[in-house]
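What follows is one structure encoded as structure tokens, with my remarks underneath.
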Amino acid sequence: MVFEAGIPVLGICYGEHTMCAQLGGNVEPDPHREFGRAFIEIAEDCKLFEGIWAKGTRHQVWMSHGDRVTALPPGFRVVATSPGAPFAAVADEKRRFYAVQFHPEVVHTPDGGKLLANFVKKVAGCAGDWTMAAYRDEAVATIRRQVGSGKVICALSGGVDSSVAAMLIHEAVGDQLTCILVDHGLMRKNEAAQVVEMFREHYNLPLILVDAADRFVSTLEGEPDPEIKRKTIGRLFIEVFEEEARKLGGADFLGQGTLYPDVIESVSFSGGPSVTIKSHHNVGGLPDRMNMQLVEPLRELFKDEVRALGRELGLPESFIGRHPFPGPGLAIRCPGGVTREKLAILREADAIYLDEIRNAGLYDAIWQAFAVLLPVQTVGVMGDGRTYENVLALRAVTSIDGMTADFYPYDMSFLGKVATRIINEVKGVNRVVYDVTSKPPGTIEWE
Ligand code: XMP
């Protein structure tokens with residue numbers, strides 16, 4: 001970190017340690033590592049706390065550290081303390097250097113956002129007049145500069161990220177862009193048609209729909225191993241995409257909806273190998289041999305900002321607020337291996353489930369909801385007859401970023417209503433269960 005007079009700095013957690021160590025203080029390993037919720041007491045008024053925390057009051061924050069400051073550099077004073085961190089917040093207001101031991105950027109520090117805003121506006125003097133409209137103009141100009149008169153192709157999945165990226169690139173370079181939607185036969189009911197209708201008919205985006213359902217489903221048929229399924233889908237996707245790109249006579253650029261969290265997560269902090277829980281297939285992950293430069297206009301944005309940009313571009317709210325849908329689609333919701341029949345059953349059941357969620361006004365309260373068709377048959381009775389059909393599991397979770405999740409606590413009567421509709425309307429299902437596993441220890445998808 002560089003500390004120069006005139007440049008305001010806010011050190012957070014290890015940033016505080018670095019600041020104190022470099023400016024003449026002292027930092028030592030803390031035998032009492034602190035992790036989790038803690039309470040700080042405001043010792044002095046300070047610009048960081050203006051309008052949020054008054055002197056003498058206590059506030060919840062989130063701590064996570066294994067070292068601690070034991071002596072302050074010259075010029076600093078303590079402005080907040082906690083039982084485990086006597087230097088919980090420190091300031092050298094003359095030089096505009098501030099540091100906090102806790103994490104203001106996480107939701108468990110309820111006023112953290114306001115503290116960061118105080119630093120940005122009151123200390124650093126930024127106006128805070130950044131708007132999505134300005135971002136859009138800047139992004140369009142940047143894409144034009146990068147692409148020039150080159151050709152861009154973009155894999156469109158119908159998800160928010162790839163759609164917003166494609167819209168922005170289209171605004172910048174018009175028909176120099178061609179979008180490719182690979183229908184792998186693993187989408188939800190009517191999904192491919194809806195995406196085509198919206199982007200081709202409504203927004204005039206040059207879009208090629210490739211019907212590759214037979215190729216995907218016949219290759220996957222009968223394969224029960226989740227990792228092999230995921231890898232097969234990834235491989236086929238690349239094959240189809242390359243074939244289509246070749247038909248177009250190649251392209252100079254590949255448009256992708258890479259977000260800022262993807263950029264951060266691709267950096268390993270420990271430097272060590274991480275365990276593969278699932279091989280993620282994202283439509284953007286194409287091999288180097290395609291030899292194209294990337295156009296990634298969303299690289300600096302978080303998901304909520306991409307949604308705001310989508311609104312700015314005029315995408316309808318119903319599209320922007322859609323639940324995430326995984327690249328491998330319904331294949332990873334068919335444990336035991338996909339067949340055409342199973343996919344057809346799952347598609348119908350899933351459509352009814354989502355329809356009921358919308359009717360009950362619950363869609364926006366849920367991060368993601370879907371059905372899973374289990375490779376288990378059970379005995380039932382319908383009318384006068386015995387049935388021997390599959391079990392369907394329903395899943396719904398709340399989450400902030402998909403990294404952790406809680407199961408959604410439906411009313412039992414809602415679940416009963418959904419189960420009755422599915423069993424009555426979908427041939428092939430005679431029992432419905434609800435998944436009450438959080439993440440961790442479960443994952444959101446079953447495979
Ligand atoms: P898991 O199952 O790992 O899922 O808890 C976390 C979130 O990621 C989505 N997901 C995927 N998205 N390609 C994607 O684009 C994938 O291969 C993939 N696998 C899981 C999942 O739906 C959830 O939102």
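The values are calculated or read from the model by the stated rules, or taken from the named source; none is laboratory data. Not measured: the values here are computed from a predicted model. In this analysis, Cβ positions are derived from the backbone assuming ideal geometry, glycine residues included, and neighbour counts consider all displayed protein chains. What goes into the accessible areas is simple: the full protein's heavy atoms, side chains included, and nothing from ligands, DNA or RNA. Shrake-Rupley method; radii C 1.70, N 1.55, O 1.52, S 1.80 Å.
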With 0.36 nm assigned to each residue of separation and the Cα-Cα distance removed, Arg144 to Glu28 gains 36.7 nm
Two pseudo-spin positions, 7 Å from Cα along C-beta at Glu223 and at Glu41, lie apart in nanometres by 6.2 nm
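Counting other Cβ atoms within 10 Å, keep those with at most 15, restrict to DSSP loop, and tell me which trypsin sites (Lys or Arg not before Pro) in the stretch 1-91 are left.
Numbers: sites: Arg33, Arg37, Lys47, Lys55, Arg58, Arg68, Arg77; in loops: Lys55.
Filter output for the stretch 1-91: Lys55.
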With +1 at each Lys and Arg Cβ and -1 at each Asp and Glu Cβ, the charge dipole magnitude of the stretch 1-135 around its Cα centre, to the nearest 20 debye, comes out at 220 debye
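Evaluated at 37 °C with a viscosity of 0.692 mPa s, what Stokes-Einstein diffusion coefficient in µm²/s does the stretch 132-320 have when Rh comes from the Kirkwood expression over alpha-carbon pairs?
On the way: Rh = 17.5 Å.
Answer, rounded: 188 µm²/s.
Can you compute the helix-only [θ] at 222 nm over the chain? Use -39500 (n - 2.57) per DSSP H run of at least 4 residues, normalise by all residues, nearest 500 deg cm²/dmol. Before the final figure, lay out the partial values.
On the way: 12 runs with 135 residues, N = 447.
Result for the chain, helices only: -9000 deg cm²/dmol.
Quick one: work out the % antiparallel among DSSP beta bridges in the chain, nearest 5. Don't jump to the answer; show the numbers that get you there.
Values: 37 of 61 bridges.
Antiparallel bridges: around 60 percent, rounded to the nearest 5.
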Here, chymotrypsin sites (Phe, Trp or Tyr not before Pro) of the stretch 127-218 satisfying both criteria (DSSP loop; at most 16 other Cβ within 10 Å) are Trp130, Tyr203
So the pair-distance distribution of the stretch 306-389, from every Cα-Cα distance in 10 Å bins, comes to percents of 14, 34, 31, 15, 4, 1
Label model pair Glu105, Ala5: point-to-point distance (7 angstrom along the Cα→beta-carbon line) in nm is 3.0 nm
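Over the alpha-carbon set of the chain, divide Rg by the Kirkwood Rh and report the Rg/Rh ratio to two decimals. Could you put the intermediate results ahead of the total?
On the way: Rg = 26.2 Å, Rh = 25.3 Å.
On the Cα set of the chain, Rg over Rh gives 1.04.
In the stretch 9-123, what is the volume of the convex hull around the alpha carbon atoms, normalised per residue and reported in Å³? Before the final figure, lay out the partial values.
Details: hull volume 9.5 nm³, N = 115.
So the per-residue hull volume is 83 Å³.
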Quick calc, Val263 & Val120: beta-carbon distance into FRET formula, R0 25 Å, rounding 0.05, result 0.70
Yeah, the stretch 49-105 with a ≥ b ≥ c from its alpha-carbon gyration tensor (a/c under 1.5 is rounded, else prolate when a/b outruns b/c, oblate otherwise) is oblate
The summed charge of the Phe407 Cβ neighbourhood (under 15 Å; Lys/Arg +1, Asp/Glu -1) stands at -2
Over 30 Å (Cα to Cα) among Lys229/Lys427; Lys55/Lys94; Lys247/Lys303; Lys231/Lys342; Lys417/Lys439; Lys229/Lys439 -> Lys247/Lys303
Helix 303-312 sits off the longest principal axis of the Cα atoms of the chain, rounded to the nearest 10 on a 0 to 90 degree scale, by 70 degrees
For the chain, the accessible surface attributable to carbon and sulfur atoms (probe 1.4 angstrom, ligands and nucleic acids excluded) amounts in percent to 53 percent
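Gain in length, Glu201 to Arg358, computed as 0.36 nm per residue apart minus the alpha-carbon separation, to one decimal in nm? Please list the in-between numbers first.
On the way: separation 157, 0.36 × 157 = 56.52 nm, distance 2.55 nm.
Residue separation times 0.36 nm, minus the Cα-Cα distance, leaves 54.0 nm.
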Here the gain from full extension of Asp214 to Met403, 0.36 nm per residue of separation minus their alpha-carbon distance, amounts to 64.7 nm
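Suppose every Lys and Arg Cβ carries +1 and every Asp and Glu Cβ carries -1, with no other charges. What dipole size does the stretch 339-434 come out with about its Cα centre, to the nearest 20 debye?
On the way: 10 positive and 12 negative charges, 65 e Å.
That gives a dipole near 320 debye.
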Placing each pseudo-label 7 Å from Cα in the direction of the beta carbon, Trp130 and Thr420 end up separated by a distance in nanometres of 5.1 nm
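Suppose all protein chains stay in the model; what accessible area per residue would a 1.4 Å probe give for the chain, in Å²? Spell out each step's value before the answer.
Working: 21720 Å² over 447 residues.
Spelled out: the 1.4 Å probe surface of the chain, per residue, equals 49 Å².
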In the neighbourhood of Pro73 defined by beta carbon distances under 12 Å, the net charge of the other residues (Lys, Arg +1; Asp, Glu -1) is 0
For the stretch 132-320, the charge dipole (Cβ of Lys, Arg +1; Cβ of Asp, Glu -1; about the Cα centre) points to a positive end, and the Cα of Ile143, Cys179, Leu209 closest to that extreme belongs to Ile143
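Normalise the Cα radius of gyration of the stretch 79-144 by 2.2 N^0.38 Å (N = residues in it) and let me know the number.
Values: Rg = 16.6 Å, N = 66, 2.2 N^0.38 = 10.8 Å.
Rounded to two decimals, the normalised Rg is 1.54.
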Rounded to the nearest Å, the spacing of the alpha-carbon centers of the stretch 122-163 and the stretch 206-235 is 32 Å
By the Cα gyration tensor axes a ≥ b ≥ c (a/c under 1.5 gives rounded; else a/b larger than b/c gives prolate, otherwise oblate), the shape of the stretch 108-211 is oblate
